[in-house]
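A short write-up of the structure that comes next.
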Amino acid sequence: MAERAGGTLPTARVRAEATEAKVVVRGLSVRYTSSRGTLTALEDISLSVQAGEFCCVVGPSGCGKSTLLRVLAGLIPCAEGEVRIRSDGPQRPLTAMVFQDYALLPWRTVLDNVAFGPENRGVPRAERYRLAREILAKVGLSGFEHAYPHQLSGGMKQRVGIARALANDPEVLLMDEPLAALDAQTRNLMQEELLRIWAEFGKTVVYVTHAIDEAVLLGDRVVVMTARPGRVKAVVPVDLERPRTLEQKGSAHFARLYNEVWQLLREEVSAASREAGGG
Amino acid sequence: MARQGGKAAAGRAAHPAALSVLSVLALLSLWEWAAGGGWVREAFFPRPSSVVAQFVVLVRDGTLASHLSATLTRVAWAFLVAALPGVAVGLTMGVWRGAREALDPLFAFVYPIPSVLFLPLAAFVLGRGEPARVLTSAVTSFFLVAANTLTGVRQLDRGVLEAAVHYGATGHRLFFKVLLPGSLPWIFTGLRLGLGFALIVVVAVEMVGAEQGLGSLLWLSWQTLKVRDMYVTLLVIGFLGLGATYGLERVRERLLPWQPRVEVRR
């Protein structure tokens, strides 16, 4: 894996021991080289996330927010800059990702999907099933242990995706537009669920979304990215009271924050769509 | 299922099946009537009832049993010889680009050659015995199994693969916990087609060169103008194919409960 020092991937994603922020990204750039030239996906990203923080990242389509998450996950090496993730337990994986399209293993039951991470780390069968059942109960999926993914609704599939990530007990939970494939009502319900689950597990979360209301409702801070190449344009602190509820979406304070983020995002979105239209 | 599914569902399910049976019965009656009335030559198209009578005769005197067992033994061996290396080669080609590029042209060249034509070649190497017949019958099945297995590996969702790797499935774990189970539906399709083709080629090979087997019985009946024997053999071969297809389908449903049932609606 990428976090092993001196590993085979040319990456500067490292397991850090020093006491600093939970996640520190410094001068990160990602470029793709193809026959048609070089494409800069991310340019000089610097960002830190505190332990236990819920950090949302918003940006126009194609700004590289998913790429940022994949670098944090170690799925894409970072050639320029560095990513440090503080480790509080030497056995714990640095990250666990929740994917937009769920990415569950269709031939495994819900229980075996959730136990997949621990299984690959050599956790004994009885122990990993106990853990998986416990987490499934916490995400509201008791009774569905032996169902297969194709038998579940989108919202339930994503609960499985979240349970799978939590079962791996990562230092940082990464979420890549986890609610984007759901209908509006289910999305609202799942936002409440996420608030509840986050409060219960106290994980550090980096959450990518294109929905401003979602970012403001869930996040302690909202990182606004520019159109490609993706840079950090601004960081908006969200000082809404916790524990949060869906009702806060109706408040004037929420509307002010929403507008602040939207004003920052607006010109980036039109820049991105101009680029998409032009080529 | 249908018993408790209400009258409407049961009716829909029963209707096409009833039609299939009716259409077969209608055809047979027409045939019976035409042959009996001298509209078609009974020497070539004997009445279905007389074919059934001959079937009983061939079952009673043991002729059918000995030919059937010879054919079934060959099909079983050919299927085994095709399936095991077929799956192995298909998986290798799926995960290793080098193997894919090396074998692709060979597959494209050999696969369309009618497999019976390999009989002389196999006989050069193995002599004119059972091994040559079995090997010849396995060729097309092998390619079918390998090609479907390869497709099974290649069609795996990239997102699912990425997630599996992210959750620690690397090396042998990636192979045994992700690639193999993920491609099983395609492997099964390959096996089903492969079994069917093994039967086809075994019968063809028996027609060209074997003393026992349904193919040789068919050929012999034709040459000696035992037309009823010929029809009996055809029927038995047809039912063998039917049994193989439905049998493997049942096995697939048992082994792959995670696949959404494909319901054919017409």
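The values are calculated or read from the model by the stated rules, or taken from the named source; none is laboratory data. Quantities reported herein were computed from a predicted structural model and do not represent experimental measurements. Cβ sites come from the backbone with ideal geometry, for glycine too, and all protein chains shown count toward neighbours.
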Q. Among the candidates B:123, B:78, B:99, which residue alone is of a type outside the set (Phe, Trp, Tyr) and either over 22 Å from residue B:211 (Cβ atoms) or not assigned by TED's automatic domain parsing to the domain that holds residue B:191 (or both)?
A. B:99
Q: State yes or no: is residue B:130 over 23 Å from residue B:88 (Cα atoms), within 14 Å of chain A (Cβ to nearest Cβ) and not β-branched (Val, Ile, Thr)?
A: no
Q: Please give the number of the condition residue A:199 fails out of (1) within 18 Å of residue A:45 (Cβ to Cβ); (2) small (Gly, Ala, Ser); (3) surrounded by fewer than 18 Cβ atoms within 10 Å (Cβ to Cβ).
A: (1)
(Q) I'd like the full set of residues that are touching a Lys or Arg at 6+ places or on another chain (Cβ under 9 Å) and without any contact (Cβ under 8 Å) to a residue 24 or more places away in the chain, limited to the stretch B:226-253. (A) B:253
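Just checking, how many residues over the stretch A:126-145 are more than 26 Å from residue A:195 (Cα to Cα) and within 14 Å of chain B (Cβ to nearest Cβ)? I'd like the intermediate steps shown before the answer.
The first filter runs over the stretch A:126-145 and keeps only residues more than 26 Å from residue A:195 (Cα to Cα), leaving A:126-127.
From the residues that got through so far, the ones that are within 14 Å of chain B (Cβ to nearest Cβ) too are none.
Of the residues in that region, 0 qualify.
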Q. Does residue B:226 qualify as being of a type in the set (Lys, Arg), away from chain A (no Cβ under 11 Å) and over 28 Å from residue B:246 (Cβ atoms)?
A. yes
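Can we say residue A:123 is out of contact with any helix residue (DSSP H, G or I) (no Cβ under 7 Å at 6 or more places or on another chain), within 14 Å of another protein chain (Cβ to nearest Cβ) and of a type outside the set (D, E, K, R)? Can you show your working first?
Numbers: out of contact with any helix residue (DSSP H, G or I) (no Cβ under 7 Å at 6 or more places or on another chain): yes; within 14 Å of another protein chain (Cβ to nearest Cβ): yes; of a type outside the set (D, E, K, R): yes.
Here the answer is yes, as residue A:123 does meet what is asked.
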**Q.** In the stretch A:85-108, the residues that are among the aliphatic types (A, V, I, L, M) and within 8 Å of chain B (Cβ to nearest Cβ)
**A.** A:96, A:97, A:103, A:104, A:105
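Is it the case that some residue within the stretch B:83-91 is of a type in the set (Gly, Ala, Ser) and modelled with pLDDT under 90?
No: the stretch B:83-91 contains no residue that is of a type in the set (Gly, Ala, Ser) and modelled with pLDDT under 90.
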Q. In the stretch B:115-149, which residues are without any contact (Cβ under 8 Å) to a residue 40 or more places away in the chain and exposed (fewer than 15 other Cβ atoms within 10 Å of the Cβ)?
A. B:117, B:120, B:121, B:124, B:125, B:127, B:129
**Q.** Pair list, Cβ < 6 Å and 6+ apart or interchain, from the stretch A:239-266 residues that are part of a helix (DSSP H, G or I) and modelled with pLDDT of 95 or more to residues that are loosely packed, with under 13 Cβ neighbours inside 10 Å and among the hydrophobic types (A, V, I, L, M, F, W, C)
**A.** none
Q.
Against the definition (outside any helix (DSSP H, G or I), buried (at least 17 other Cβ atoms within 10 Å of the Cβ) and either in contact (Cβ under 8 Å) with a residue 40 or more places away in the chain or not basic (Lys, Arg) (or both)), how does residue A:206 come out, yes or no?
A. yes
Q.
Which pairs turn up if I take residues in the stretch A:42-57 that are more than 16 Å from residue A:13 (Cα to Cα) and look for partners that are basic (Lys, Arg) and modelled with pLDDT under 95 with beta carbon separation below 7 Å, at least 6 apart in sequence or on another chain?
A. A:43/A:231; A:50/A:22; A:51/A:22; A:57/A:65
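Does residue B:212 satisfy the criteria of being polar (S, T, N, Q), in contact (Cβ under 8 Å) with a residue 24 or more places away in the chain and touching a His at 6+ places or on another chain (Cβ under 9 Å)? Explain how you work it out, then say what you get.
On the way: polar (S, T, N, Q): yes; in contact (Cβ under 8 Å) with a residue 24 or more places away in the chain: yes; touching a His at 6+ places or on another chain (Cβ under 9 Å): yes.
Yes: the conditions hold for residue B:212.
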Q: Return the total of residues in the stretch A:130-177 being without any contact (Cβ under 8 Å) to a residue 24 or more places away in the chain and either of a type in the set (Val, Ile, Thr) or part of a loop (DSSP other than H, G, I, E, B) (or both).
A: 2
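Are any residues in the stretch A:146-170 basic (Lys, Arg) and more than 12 Å from chain B (Cβ to nearest Cβ), and if so, which ones?
First, the residues of the stretch A:146-170 that are basic (Lys, Arg): A:157, A:159, A:164.
Within the stretch A:146-170, A:157, A:159 qualify.
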Q. Is it true that residue B:116 is modelled with pLDDT of 95 or more and more than 11 Å from chain A (Cβ to nearest Cβ)?
A. no
(Q) Tell me whether the stretch A:156-179 contains one or more residues that are among the acidic types (Asp, Glu), within 27 Å of residue A:247 (Cα to Cα) and at pLDDT 95 or above. (A) yes
Q: Please give the number of the condition residue A:214 fails out of (1) buried (at least 17 other Cβ atoms within 10 Å of the Cβ); (2) in a helix (DSSP H, G or I); (3) out of contact with any Cys (no Cβ under 8 Å at 6 or more places or on another chain).
A: (3)
Q) Checking residue B:178 against (1) more than 10 Å from chain A (Cβ to nearest Cβ); (2) over 20 Å from residue B:251 (Cα atoms), which test does it fail? A) (1)
